[in-house]
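Reviewing the structure listed below.
The values are calculated or read from the model by the stated rules, or taken from the named source; none is laboratory data. Computed from a predicted structure; not experimentally measured. Positions of Cβ are backbone-derived with ideal geometry, glycine not excepted, and every protein chain shown enters the neighbour counts. To get the accessible areas, we keep the full protein, side chains included, count just its heavy atoms, and leave off ligands, DNA and RNA. Shrake-Rupley method; radii C 1.70, N 1.55, O 1.52, S 1.80 Å.
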Amino acid sequence: MSLSTLNHAAAAAAAAGSGKSFSPPAPSVRLPRRWPPAPAAVSAASVETDPAADRVSALSQVAGVLGSQWGDEGKGKLVDVLAPRFDIVARCQGGANAGHTIYNSEGKKFALHLVPSGILHEGTLCVVGNGVVIHVPGFFNEIDGLESNGVNCNGRILVSDRAHLLFDLHQAVDGLREAELANSFIGTTKRGIGPCYSSKVTRNGLRVCDLRHMDTFGDKLDVLFEDAASRFEGFKYSKSMLKEEVERYKRFAERLEPFIADTVHVLNESIQQKKKILVEGGQATMLDIDFGTYPFVTSSSPSAGGICAGLGIAPRCLGDLIGVVKAYTTRVGSGPFPTELFGEEGDLLRNSGMEFGTTTGRPRRCGWLDIVALKYCCQINGFSSLNLTKLDVLSGLPEIKLAVSYNQPDGQKLQSFPGDLDTLEQVQVKYEVLPGWQSDISSVRRYNELPLVAQRYVERIEELVGVPVHYIGVGPGRDALIYK
């Protein structure tokens, strides 16, 4: 980030922090000590020529990692790798429908849904922003699971007082809505995300700060129960259910209190103090409520615009945005998928890439990399670089295809990714065929050691979308990453 950009960011944060819009003002939060910028065994001289150190240290004060397909691209791994160089890792949208799989230094697997992927690094503060919908029982289950595996969460996670609460009733409504849609179902995770955001938008939702006012909590929750019961015949509600839920949330409120903070103030104060913040997106741009394949989308904004709204930071503070994209394409649930492969070809990618959902366990639909969709995502988000993941999964294929354009049935080329699903369902995909490579690349750690045809595949993607690939994943582990 340039000096002028840093000055602008500091000025914006100072202006926000010095006004009288915070009432009462949030207490100053002591941030954890920065994690060492490099392993102790690495000398200063070697760091200067280390492409990994150069890439990561050059990232802006506020950077983001966002999905650029239909989710499941491997965002959590990159966040985990970058987190040691940042003071804060923040989630800005979505809920427990996000499933980010990461591995610690011993190779132990962690599946995270609400807790940001920086949690494995003790020097990193994790923030759950106001744009996230939080299922409190699930949140505590996740923390308990981390703690039981030796991950210290004490004092390391902050939850926005403005974040909306997702109740079990939202999950029940999610299932009832899907059943009601019958053959037109969206294919949600049934985690209650859509119904919770619906409550937020219709302004009868409850927020984390409502847990501090248990005297009125029951009355507000009663409105939600009554609304669900009036809408769905299959939703059975009684006042005893309400009483039981209120008592349960009284206990949750006491336990959650140490986590609750005015994260808008915390983040803007941190920006003013030159702390580094890494934003972790959930889902992906092709699932964005505005820009995705609507209505087969999520209920939030996983694209760049969701960062500011979901964290309360100014657009001028944002710097580098990294788009994460698989070397091929996958999708879970219903909706159009122009490059989808069926039969043995699809099964081969699915099994080689272990393409089964982290959140639901559902088998993912697989297909060739869609350059038309990727270029569209790059335009919307303004990515400064890409992280190409799972390149190793393509090893052994005789040839690899890139979807470079869409044509209408009459042969006319579409100039952009269409918003009209009827049009998208009828497109004829034009492919560019590249030679494959037969060697196993999972142990490769330097770009120039990749097979030349694999390098050509990476560089052709860069040429077609106009964004450089700086990170290449060749396996699930932390070290299985090539810096280009």
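Which net charge results when you count Lys and Arg as +1 and Asp and Glu as -1 among the other residues whose beta-carbon is under 10 Å from that of residue 406?
+1
For the pair residue 460 and residue 109, label points projected 7 Å from Cα toward Cβ lie 3.2 nm apart.
For the chain, what is the mean residue ellipticity at 222 nm derived from helices alone (per DSSP H run of n ≥ 4: -39500 (n - 2.57); sum divided by total residues; nearest 500 deg cm²/dmol)?
The helix-only estimate for the chain comes to -10500 deg cm²/dmol at 222 nm.
Once you have a ≥ b ≥ c as the square roots of the Cα gyration tensor eigenvalues for the range 316-459, tell me rounded if a/c is under 1.5, and otherwise prolate or oblate according to whether a/b is larger than b/c. Cα axes put the range 316-459 in the rounded bin. Taking other residues whose beta carbon is less than 14 angstrom from the beta carbon of residue 355, and scoring Lys, Arg as +1 and Asp, Glu as -1, yields +1. The alpha carbon gyration tensor of the range 282-361 gives principal lengths a ≥ b ≥ c with a/c of 1.5 or higher and a/b greater than b/c, which makes the shape prolate. Excluding ligands, DNA and RNA, the accessible surface per residue across the range 208-287 is 48 Å² with a 1.4 Å probe.
Ligands, DNA and RNA left out, the 1.4 Å accessible surface of the range 337-484 is 48% carbon and sulfur atoms. Over all other residues within a Cβ to Cβ distance under 13 Å of residue 104, the charged ones net out to 0, with Lys and Arg as +1 and Asp and Glu as -1.
Three semi-axes describe the equivalent ellipsoid of the range 113-192; taken as square roots of 5 times the Cα gyration tensor eigenvalues and ordered largest first, they are 30, 13, 11 Å. DSSP finds beta bridges in the chain, and of those with both partners inside it, around 40 percent are antiparallel. A 1.4 Å probe run over the protein chains yields, for the range 337-484, 46 Å² of accessible area per residue, whole-number rounding. Computed in the context of the full set of protein chains, the accessible area of the range 65-197 at 1.4 Å probe radius has 46% of its extent on carbon or sulfur.
The order of the peptides 412-418, 253-259 by mean Cβ neighbours within 10 Å, most packed first, is 253-259, 412-418. The GluC sites (Glu not before Pro) of the range 76-158 that meet both conditions, a loop assignment by DSSP and at most 11 other Cβ atoms within 10 Å of the site Cβ, are 106.
Could the peptides 207-220, 469-482, 57-70 be put in order, highest first, of the mean number of other beta-carbon atoms found within 10 Å of their residues?
Descending packing order for the listed peptides: 57-70, 469-482, 207-220.
Amide H contacts of residue 159: 128, 260, 261, each under 5 Å away and 5 or more positions distant or on a separate chain (H built 1.01 Å from N in the peptide plane; Pro and chain starts excluded).
Relative contact order, percent, of the range 366-484 when contacts are C-alpha pairs under 8 Å separated by at least 6 residues? Can you show the working numbers first?
Values: 195 pairs, mean separation 40.1, N = 119.
Taking the mean separation of contacting Cα pairs over the length of the range 366-484, I get 34 percent.
Please state the shape class of the range 224-298: rounded when a/c is under 1.5, otherwise prolate if a/b exceeds b/c and oblate if not, all from the C-alpha gyration tensor.
Because a/c hits 1.5 or more and a/b fails to exceed b/c, the range 224-298 counts as oblate.
If you look at the Cα atoms of the chain, you get an Rg and a Dmax of 22.7, 69 Å.
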